[in-house]
Amino acid sequence: MFHTEAHAPENRHYEQLREFIREQIDKPGPLIQVLHRAQEIFGYLPMEVQDFVAREMNIPHSEVYSVVTFYNFFRTEPIGDHIINVCLGTACHVKGAQLILDALADELDIHVGGTTEDRFFTLSTARCFGACGLAPAMMIDEEVYGKLTVDKARKAIREFRKTTEKK
Amino acid sequence: MNLFRMHILIPVDDEAILAGVFDVKRELESEIRRRGMDSEIKILETGTVGATGKGVVLIVYPDNIYYYNVRREDVALIIEEHVVKGRLVKSIAHEAGNDLKHGHKAFHQVGLTRKQPRVILDKCCMVDTYNIEEVISYGGYQALEKIISEKITPAQIIDTVKQSGLRGRGGAGFPTGLKWSFTAQAPGEVKYVICNADEGEPGTFKDRLILEGDPHKLVEAMIITGYAVGARKGYIYIRGEYELSIERTQRAIDDAMAQGLLGDRILGSDISFHLEIKKGAGAYVCGEETALIESLEGDRGNPRVKPPYPASKGLWQKPTLVNNVETLANVPHIISNGAEWYRKMGTEKCPGTKVFTILGHVEYPGLIEVEMGTPLREIIYNYGGGVKDGKRFKAALVGGAAGVFLPDRLLDVRMDFESLKEDAAVLGSGAILVMNEDASIPEMLHSVLEFFAHESCGQCSPCRIGTKQLLNMIEDFRAGEGAESQLDAMIRMSETMYQTSLCPLGQSLIMPVKSALENFREEFPAKYKTKAESAIDRRKK
């Protein structure tokens, strides 16, 4: 077992989460809703946060871990400042989404799901963000880039980095 | 109430937000104010119209004119020309690839704006969902009021739904009235109704359209369903990614509560019903109803062994009814207009309408509602505008990821549960993915198998191992190590999975595997080209 106390300092993030858990704990089946809130607060769900949730809810850590790893929405790795989501939905797939993804992995020199060393970009995939008419599409943070080609995608992330770093 | 001479509808969904819809709206409002026309022209924010890839859309009523890809700088022109002078702004419409390239007269004959018998989507993109009074004036909560004022009993409601012939729109097509009666008859004081809005089927967003465009219809349907089966509590399980859907549905619940349409003793009657939204966390298998129940309870979404069915032991072991968003959206219409009226639409065994998503290589991708039994050809060519760029049609993957690859000889199949069954196909979620002559069936199948290997929950071995083995086999073909006998092995494997898997996730892979291998066998040589390789080939040409 971890020495979790050392990892779970009494700061306002944990305090926020504790408060939410207290609100939810008497409702039936609150674990997933609690994890949603935890990820909103921390950005991801590292072991320390999972363990905190387990202790506060008085359930085994294994149960928390099994739920966290089951769902696509929850992440256990920290993420970069900016997330690139390449859509792999069926409409994007037929229009060559895999090529885009491979090119971006090559461009950033990371594997899919990975984060660049400077924590600037995380390369991720989505099932379908409902912008099928723009296929193949990707999102950098909240902005959609549609009708991509390999060259357009590479150029988009280079330009994004340039303009963001200037700011 | 002020009477407006013209309404400008602005459909808002995630895609429109990304295209800058709020900038356009602000500009529109200030322009109308500037011209002092606030009392004549009303701007309405609504749910999406169902077209995709068209940026910001404006619809002008009563003229029924659609402007696509509207930019902020177009607003002044639209106001000056259309609103003030009553002339269509052809330049924008034309430039935007608006259907006008077929000529203005053809506007409503081809594409997504072609006339549709919209029943369950009647209010989508027509009303301001944040304004419950407006929703009511458009017929919202009419069915609920009818039930209360005419003192219709739960048994009568179930009977009407049975007679209407409504079948579950989640994929399996089980008769809805019958399903309701199971839960209604189950012994127990506490029962639940759950709305399955965990829309995880790739390339499908029909439920989102209803959640964003007409959430009050769902709230009303849930109250009626709860009353019919004897449940006083309902849950709407919505995909976590659907933030706008969650926001609008929550607002609808709050507004209905404030109006006394939801909660204890609804409109002074004996009916009490409470609704709560639960956020899903993204797992394809949670579309299966027992997996969804597990997830609602806060656990991993592992499907349960059936029986017992949710009708007797569902959420927290209480009798539970799970229905899809689209199924429920039919209910208020059936109650208001009667079973007879409903049976006039669609086919004998599958009455009503169906929402389809048309995607892939078509001219107008998007979402339509047509009668059950509409031929596939009509959907692809008349509504979808045909195969894009004049290419040849190769196949349509119909029914979602676990659907069937239909070749062109089956284009005339009628789109309903029964007709598709005759061709060993399924209606599923109503997703239609069109592939042109350049598309590779093996690559598409590879994508489907990869998806299922990832989404298998791992609980039962036929599915956990089978999905992985099928993926391995198709990857052998990619690597140039495939053999003819392996294709038969793939079919046998998916047949075994069909017979032995615990839930439809493992059972349904036989659909895409068999149809791809049987209808397009010639595309599976020992080695087939990957996407990257065919792209290189094309460049060489």
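Going by the conditions given, is B:Gly177 within 16 Å of B:Ala329 (Cα to Cα) and under 26 Å from the mean Cα position of the chain (by Cα)? When the stated conditions are applied, B:Gly177 passes them.
All of A:Ile110, A:Ile25, A:Ile100, A:Ile84 fail the test of being β-branched (Val, Ile, Thr) and within 21 Å of B:Glu241 (Cα to Cα), apart from A:Ile84. Apart from one condition, B:Leu445 fits all of (1) in contact with a Cys (Cβ under 8 Å, 6 or more places away or on another chain); (2) surrounded by 24 or more Cβ atoms within 10 Å (Cβ to Cβ); the exception is (1). Is it true that some residue in segment B:388-399 is in contact (Cβ under 8 Å) with a residue 60 or more places away in the chain, within 14 Å of chain A (Cβ to nearest Cβ) and closer than 16 Å to B:Gln116 by Cβ? No, there is no match, as no residue in segment B:388-399 is in contact (Cβ under 8 Å) with a residue 60 or more places away in the chain, within 14 Å of chain A (Cβ to nearest Cβ) and closer than 16 Å to B:Gln116 by Cβ.
Only one of the numbered conditions (1) away from chain B (no Cβ under 12 Å); (2) surrounded by fewer than 20 Cβ atoms within 10 Å (Cβ to Cβ) is not met by A:Gln50, and that is (2). B:Thr249: in the same structural domain as B:Ile147 (by TED's automatic domain parsing), farther than 18 Å from A:Val68 by Cα, out of contact with any helix residue (DSSP H, G or I) (no Cβ under 9 Å at 6 or more places or on another chain) and among the polar types (S, T, N, Q), yes or no? So B:Thr249 fails the test. Scanning segment B:238-270 for residues that are within 14 Å of chain A (Cβ to nearest Cβ) and not in a helix (DSSP H, G or I) turns up B:Ile238, B:Arg239, B:Gly240, B:Glu241, B:Tyr242. Within segment B:1-36, the residues that satisfy the criterion of being assigned to a loop (DSSP other than H, G, I, E, B) and surrounded by fewer than 17 Cβ atoms within 10 Å (Cβ to Cβ) are B:Met1, B:Asn2, B:Leu3, B:Phe4, B:Arg5, B:Gly20, B:Arg35, B:Gly36.
Within segment A:65-101, restricting attention to residues that are more than 7 Å from chain B (Cβ to nearest Cβ) and of a type in the set (S, T, N, Q), the residue that is surrounded by the most Cβ atoms within 10 Å (Cβ to Cβ) is A:Asn85. Of the residues examined, B:Val24 is one that is of a type in the set (Val, Ile, Thr), outside the structural domain of B:Thr357 (by TED's automatic domain parsing) and under 30 Å from B:Phe356 (Cα atoms).
Residues of segment A:53-64 that are within 13 Å of chain B (Cβ to nearest Cβ) and of a type in the set (S, T, N, Q): A:Ser62 alone. All conditions in (1) at pLDDT 95 or above; (2) within 14 Å of chain A (Cβ to nearest Cβ) hold for B:Arg208, with the sole exception of (1). I'd like the residue in segment B:264-287 that is small (Gly, Ala, Ser) and buried (at least 17 other Cβ atoms within 10 Å of the Cβ) and, out of all such residues, is farthest from A:Phe73 (Cα to Cα). Filtering first and then ranking leaves B:Gly287. In segment B:180-192 there is no residue that is out of contact with any Cys (no Cβ under 9 Å at 6 or more places or on another chain), of a type in the set (D, E, K, R) and buried (at least 24 other Cβ atoms within 10 Å of the Cβ). Scanning segment B:12-62 for residues that are over 30 Å from B:Thr204 (Cα atoms) and either within 13 Å of chain A (Cβ to nearest Cβ) or free of Cβ contacts under 8 Å to residues at least 12 places away in the same chain (or both) gives B:Arg26, B:Ser30, B:Arg33, B:Arg34, B:Gly36, B:Asp38. Checked against (1) farther than 23 Å from A:Tyr71 by Cβ; (2) buried (at least 21 other Cβ atoms within 10 Å of the Cβ); (3) touching a Leu at 6+ places or on another chain (Cβ under 8 Å), B:Pro375 passes all but a single condition, namely (2). Quick one: is A:Leu123 under 23 Å from B:Pro442 (Cβ atoms) and either part of a loop (DSSP other than H, G, I, E, B) or not assigned by TED's automatic domain parsing to the domain that holds A:Tyr44 (or both)? Here the answer is no, as A:Leu123 does not meet what is asked. Whether any residue in segment B:234-241 is farther than 27 Å from B:Ala51 by Cα and of a type outside the set (Asp, Glu) is what I want to check. Scanning segment B:234-241 turns up at least one residue that is farther than 27 Å from B:Ala51 by Cα and of a type outside the set (Asp, Glu). Selection within segment A:126-167: residues that are more than 12 Å from chain B (Cβ to nearest Cβ) and part of a loop (DSSP other than H, G, I, E, B). The member of this set that is farthest from B:Lys531 (Cα to Cα) is A:Lys167.
Restricting attention to segment B:305-351, which residues are among the basic types (Lys, Arg) and over 23 Å from B:Glu189 (Cα atoms)? Those that are among the basic types (Lys, Arg) and over 23 Å from B:Glu189 (Cα atoms): B:Arg343, B:Lys344, B:Lys349. When each of B:Lys344, B:Lys313 is tested for being on the phi < 0 side of the Ramachandran plot and either surrounded by fewer than 19 Cβ atoms within 10 Å (Cβ to Cβ) or in contact with an Asp or Glu (Cβ under 8 Å, 6 or more places away or on another chain) (or both), the lone residue that passes is B:Lys344. Annotation: of all residues in segment B:433-491 being assigned to a helix (DSSP H, G or I) and among the polar types (S, T, N, Q), the one that is farthest from the other protein chains (Cβ to nearest Cβ) is B:Ser485. Within segment B:144-163, residues that are part of a helix (DSSP H, G or I) reach partners that are of a type in the set (Asp, Glu) with beta carbons closer than 7 Å, at six or more positions or on different chains, in the pairs B:Leu144/B:Glu220.
Does B:Tyr227 fit the bill of being over 20 Å from B:Thr48 (Cβ atoms), surrounded by 15 or more Cβ atoms within 10 Å (Cβ to Cβ) and among the hydroxyl-bearing types (Ser, Thr, Tyr)? Taking the combined requirement at face value, the residue satisfies it. Kindly indicate whether any position in segment B:197-212 is touching a residue at least 40 places away in the same chain (Cβ under 8 Å), under 15 Å from B:Phe273 (Cα atoms) and surrounded by fewer than 24 Cβ atoms within 10 Å (Cβ to Cβ). No, segment B:197-212 contains no residue that is touching a residue at least 40 places away in the same chain (Cβ under 8 Å), under 15 Å from B:Phe273 (Cα atoms) and surrounded by fewer than 24 Cβ atoms within 10 Å (Cβ to Cβ).
Filtering segment B:284-334 down to residues that are closer than 19 Å to B:Leu505 by Cα and acidic (Asp, Glu), which residue is nearest to the other protein chains (Cβ to nearest Cβ)? Once the filter is applied, the top-ranked residue is B:Asp299. How about segment B:519-537: which of its residues are touching a residue at least 24 places away in the same chain (Cβ under 8 Å) and in a helix (DSSP H, G or I)? Result: B:Asn519, B:Arg521, B:Glu523, B:Lys531, B:Ser534. Scan segment B:296-308 and give yes if some residue there is surrounded by fewer than 20 Cβ atoms within 10 Å (Cβ to Cβ) and in contact with a strand residue (DSSP E or B) (Cβ under 9 Å, 6 or more places away or on another chain), otherwise no. No: zero hits. The residue pairs whose first member lies in segment A:150-167 and is closer than 13 Å to A:Ile140 by Cβ and among the basic types (Lys, Arg), whose second member is exposed (fewer than 15 other Cβ atoms within 10 Å of the Cβ) and modelled with pLDDT of 90 or more, and whose beta carbons are closer than 9 Å, counting only pairs six or more residues apart or on different chains, are A:Arg154/A:Asp106.
The values are calculated or read from the model by the stated rules, or taken from the named source; none is laboratory data. It should be emphasised that the depicted structure is a prediction, and the values quoted were computed from it without experimental measurement. Positions of Cβ are backbone-derived with ideal geometry, glycine not excepted, and every protein chain shown enters the neighbour counts.
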